[in-house]
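Working notes for the structure below.
The values are calculated or read from the model by the stated rules, or taken from the named source; none is laboratory data. Just so we're clear, the structure is a prediction, and the values are computed from it rather than from any experiment. Here Cβ is always computed from backbone atoms with ideal geometry, including for glycine, and neighbour counts include all displayed protein chains.
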Amino acid sequence: MHNDPALNITLLKTFVAVAEMRNLTVAGAALGLSQPTVSQHLQRLEEYLGRPLLRRDTRPIKLTPAGEKLLGGLPDLLAGFEALLANVRAHGSTQRDVLRIAMSDSMSCVLGAEILALAGNLAKKLELRAGISPWIEESLRSGQCDLAIDCPPFVFPAKAGQHFLFHDPYVIVASRMMADVPLSRLIQEKPQVAFGRNSKFGTATAAIAAELGATEPARFSLDTTHSLLRFVQSGYGWAVTSAFCLLQAPNAIDDLVVHECSPQHARAFYLLGRSRVGQQEMADLATRVITVFRECVTGRWLDAYRSTATLLMRANADIRF
């Protein structure tokens, strides 16, 4: 099969996504492909090379020696090829004048600059609009933005694209002054500081607090992460928040005790888009965002905020760190 004309860059991109995320379903979500399509791409590539690339009998998936060798040089080659194609497309073509991207405040603070840089080849000018859900999704539906990064549940047009990025684990935080108070007593005896329920995040954190056994309504209700963590930091009570929110307010981390929630308690971030943004453009951007996220977790976040970076690694076990 070495002369198979069907070998193309899509098969190679699929292999890299699976090799890095070690999960066919997650890789497919990032690429905008179904799991059967991912399997077909891998099979065609293995037939072309005449070598198995993956060990499918392990969880997470592991690479064969041939797969490791292919992965060793392929990402850089693909990146160079994509850059070449982008330059060719840009030469003599009409680029979008403006591309508007909406995302949550925490995402904007933590990864907004990196995401704008990654999307730089999609338009002459980029605008970042930060806020809270459901405003983000409404902004996408109404055409006020072209791309959005948001968390389920979604109600958006069928033509809109959807690409999974990564998970952000929920955590319970309290002041260091309450470090000796067991979590069960903390929830039952101390006041709760909460996000307002006018957002998906506020609704989700309220549900988690109820699952943990909180019976009293929140004493303090706030709409910004910095205000909420400042109240907790000062000893006014405890709160349910997330790892990204901790990174959004790094000055508060050292003054907080952080309790992990159950593994299933994590919000999933997705890249969403309108039909004017091509599916391949979205898939490529999603892959690049995941790569930058992985580099941040294992690089500067791990160096500065080791415990928070470790939480993110555990919540994203399907990503190759």
*Which ones in the range 20-66 are of a type in the set (Ser, Thr, Tyr) and either in contact (Cβ under 8 Å) with a residue 40 or more places away in the chain or over 19 Å from Ile9 (Cα atoms) (or both)?*
Thr25, Tyr48, Thr58, Thr64
*asked:* Test of understanding: among Leu147, Leu165, Leu212, which residue is touching a residue at least 40 places away in the same chain (Cβ under 8 Å) and more than 23 Å from Val289 (Cα to Cα)?
replied: Leu212
*Check the range 216-239 and report whether any residue there is modelled with pLDDT under 90 and part of a helix (DSSP H, G or I).*
no
*Kindly list the number of the only condition in (1) surrounded by fewer than 17 Cβ atoms within 10 Å (Cβ to Cβ); (2) over 19 Å from the mean Cα position of the chain (by Cα) that fails for Lys190.*
(1)
*Could you check, for the range 262-276, whether at least one of its residues is surrounded by fewer than 16 Cβ atoms within 10 Å (Cβ to Cβ) and touching a Pro at 6+ places or on another chain (Cβ under 7 Å)?*
yes
*Grab the strands (runs of 3 or more DSSP E) fully contained in the range 74-157, keeping just those with 2 or more residues being under 20 Å from Ala243 (Cα atoms) and either modelled with pLDDT of 85 or more or more than 20 Å from the chain's Cα centre (by Cα) (or both).*
96-104, 147-150
*Any idea which of (1) closer than 25 Å to Gln162 by Cβ; (2) surrounded by 16 or more Cβ atoms within 10 Å (Cβ to Cβ) is the one Leu229 doesn't satisfy?*
(1)
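Which of the residues spanning the range 7-59 are of a type in the set (Asp, Glu) and not in a loop (DSSP other than H, G, I, E, B)?
Those that are of a type in the set (Asp, Glu) and not in a loop (DSSP other than H, G, I, E, B): Glu20, Glu46, Glu47.
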*Of the residues that make up the range 286-307, is at least one modelled with pLDDT of 90 or more and not in a helix (DSSP H, G or I)?*
yes
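In the range 164-172, is there at least one residue being at pLDDT 90 or above and more than 28 Å from Gln35 (Cβ to Cβ)? Lay out the reasoning, then the answer.
Narrowing the range 164-172 to residues at pLDDT 90 or above: 164-172.
After this cut, where a residue has to be more than 28 Å from Gln35 (Cβ to Cβ) as well, the list is 171-172.
For the range 164-172, residues at pLDDT 90 or above and more than 28 Å from Gln35 (Cβ to Cβ): present.
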*Among the residues of the range 171-225 satisfying the criterion of being touching a helix residue (DSSP H, G or I) at 6+ places or on another chain (Cβ under 7 Å) and among the charged types (D, E, K, R), which is nearest to Pro152 (Cα to Cα)?*
Arg197
*Candidates Thr225, Thr287, Thr203, Thr215, filtered to the one that is within 30 Å of Leu122 (Cα to Cα) and out of contact with any His (no Cβ under 7 Å at 6 or more places or on another chain)*: Thr287
*When residues of the range 291-306 are filtered for being in contact with an Asp or Glu (Cβ under 8 Å, 6 or more places away or on another chain) and aliphatic (A, V, I, L, M), how many remain?*
1
*Hits in the range 255-292 - residues which are free of Cβ contacts under 8 Å to residues at least 24 places away in the same chain and over 30 Å from Arg96 (Cβ atoms)*: Ser262, Gln264
*Thr58 fails exactly one of the following numbered conditions: (1) among the hydroxyl-bearing types (Ser, Thr, Tyr); (2) at pLDDT below 85; (3) surrounded by 12 or more Cβ atoms within 10 Å (Cβ to Cβ). What is the number of that condition?*
(3)
*asked:* Would you confirm whether or not the range 256-277 contains a residue that is assigned to a helix (DSSP H, G or I) and more than 23 Å from Phe201 (Cα to Cα)?
replied: no
